[in-house]
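The values are calculated or read from the model by the stated rules, or taken from the named source; none is laboratory data. Just so we're clear, the structure is a prediction, and the values are computed from it rather than from any experiment. For neighbour counting, all protein chains shown are included, and Cβ atoms are generated from backbone atoms with ideal geometry for every residue, glycine included. To get the accessible areas, we keep the full protein, side chains included, count just its heavy atoms, and leave off ligands, DNA and RNA. Shrake-Rupley method; radii C 1.70, N 1.55, O 1.52, S 1.80 Å.
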Amino acid sequence: MDPQAVPAEPARSGPTVDAAGDAAQAQQRAQRAQEAARLVTLLHEVAAGDADAFARLYDATSTRTFGVVWRVLRSSDHAAEVTQEVYTEVWRQAARFDASKGSVSAWITTMAHRRAIDRVRAVTSEVARDEHYALTEVGREVDHVWEDVSEHLDAERVRDGLARLSAVQREALTLAYFGGLTQSQVAERLRLPLGTVKTRMRDGLASLRKVLVVEP
């Protein structure tokens, strides 16, 4: 026997690593296909008015749906509300689902993303309206009420009244009334939008007048 010869590697028994990986992937694909078919069946039952099928569909898909909505809104409260809106729409629109255009999961996910975007637009518009109002009408109202309070009350009574307000209202009014800051300076000090500060001051002064029973 040649001492330099290298013995051949013994043949391996059983499937190779690649074959095992392919088999696992094939099993996963089969499971996904089976789950997709189950969701189609459930949605057809929902379209027929089956409430139990709707509950099972919700349990199977709501976690993913909530995640899609939350990634857009970044608010658990808003995401929970929108998720419920999505499933209300699923219940109403189940009969319109077309399996030839995609899976049930994709259908619900698309619906969820659209609803989340609509909520972002609605909230943005609402904030813009509030800020516009605060920057125009609220400023004049705050100035008028502040003058009315300061004309009829001494500082001690104002301090007592401030103590009865909420912390956020008291903070803004204290900086303005006792600190002598303008509304813009208060906003800068508190690192808040000017409109938010004006709204806090407006609400605080309205409450202050009620607490102190300002007489004309």
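Quick look at the numbers
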read-out: Failed condition for D77, given (1) of a type outside the set (G, A, S); (2) more than 19 Å from D50 (Cα to Cα); (3) open to solvent by less than 60 Å² (accessible area, probe 1.4 Å); value: (3)
read-out: Residue selected from the range 41-59 under the condition aliphatic (A, V, I, L, M) and surrounded by fewer than 16 Cβ atoms within 10 Å (Cβ to Cβ), by the criterion nearest to V86 (Cα to Cα); value: A55
read-out: Pick from the range 191-202, criterion under 26 Å from the mean Cα position of the chain (by Cα) and open to solvent by 30 Å² or more (accessible area, probe 1.4 Å), ranking: nearest to R164 (Cα to Cα); value: R200
read-out: Test for L39: is it in contact (Cβ under 8 Å) with a residue 40 or more places away in the chain and within 22 Å of the chain's Cα centre (by Cα); value: no
read-out: Residue under evaluation A33, criteria (1) assigned to a loop (DSSP other than H, G, I, E, B); (2) under 30 Å from V104 (Cβ atoms); (3) at pLDDT below 90, criterion not met; value: (1)
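The rows are residues; the columns are (1) of a type in the set (A, V, I, L, M); (2) modelled with pLDDT of 75 or more; (3) loosely packed, with under 14 Cβ neighbours inside 10 Å.
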| site | (1), (2), (3) |
| --- | --- |
| V158 | yes, no, no |
| A163 | yes, no, yes |
| S166 | no, no, yes |
| A172 | yes, yes, no |
| S184 | no, yes, yes |
| R189 | no, yes, no |
| P216 | no, no, yes |
